[in-house]
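A.B. asks: Pasting a structure here, questions to come.
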Amino acid sequence: MKKSSGENKLPVVDDSKHYSFFQNVWDVVRQIPKGRVTTYGAIATYLGTKSSARMVGWAMNASFIVQPKVPAQRVVNRNGMLSGKAHFATPTLMEELLQKEGIQVKDEKIINFKEVFWDPIVELG
DNA sequence: AGTATGACTCATT
DNA sequence: AAATGAGCCATAC
């Protein structure tokens with residue numbers, strides 16, 4: 001990889017092996033159907049790095065700078081809670097986007113989480 | 001260069 | 001059931 005620190009503050013997206021994990025995460029997230037959600041851990045497990053759920057969170061944090069757009073609001077923690085809402089443009093944006101897609105949210109938590117859960121391991125094989 | 005901190009999750013108290 | 005420790009590893013300082 002080239003250097004990622006120094007003058008470049010934002011994650012550098014190139015074809016190096018180092019950043020392929022982030023790109024894989026974004027590819028999976030883009031395939032989440034509207035009205036469905038998945039979790040950081042499910043994505044990490046699907047990519048074969050089961051214990052790197054935190055890195056999926058970092059990928060979401062960086063997802064705002066890439067194109068095409070990544071529906072980061074469809075990724076929540078394993079309890080169906082909107083743990084990442086604070087990182088959106090406004091504190092309520094994540095919840096608004098989800099509700100606009102037909103997902104019921106109450107107290108920062110998805111109501112019928114189990115029913116709208118989309119598992120990449122099952123759906124993508 | 002070393003320490004701290006997470007958009008996490010699991011196992012162990 | 002709630003708290004704690006441990007992996008994880010890219011960034012921030």
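The values are calculated or read from the model by the stated rules, or taken from the named source; none is laboratory data. Note that this is a predicted model, so its numbers are computed, not measured. Backbone-built Cβ (ideal geometry, glycine too); neighbour counts: all protein chains shown. In case anyone asks, the SASA skips ligands and DNA or RNA and just uses the protein heavy atoms, side chains included. Shrake-Rupley method; radii C 1.70, N 1.55, O 1.52, S 1.80 Å.
A.B. asks: So, in region A:15-125, how many Lys pairs have Cα atoms under 29 Å apart, if the pair is 8 or more places apart or on different chains?
C.D. replies: Here the count comes out as 26.
A.B. asks: Looking at region A:58-111, which GluC sites (Glu not before Pro) are DSSP coil and have at most 15 other C-beta atoms within 10 Å of their C-beta?
C.D. replies: A:Glu108
A.B. asks: What nm distance separates the two modelled labels at A:Ala89 and A:Trp58, each placed 7 Å from Cα along Cα→Cβ?
C.D. replies: Distance between label points: 2.7 nm.
A.B. asks: Let me ask something else about it. For A:Glu123 and A:Glu108 in the same chain, what is the full-extension length gain: residue separation times 0.36 nm, less their Cα-Cα distance, in nm?
C.D. replies: This chain segment gains 2.8 nm when fully extended.
A.B. asks: Separate question: Got a sec? What order do A:Arg74, A:Arg54 fall in by accessible area at 1.4 Å, biggest, i.e. largest, first?
C.D. replies: A:Arg54, A:Arg74
A.B. asks: Quick check: with the 1.4 Å probe, what order do A:Leu82, A:Leu97 take by accessible area, largest first?
C.D. replies: Descending order: A:Leu97, A:Leu82.
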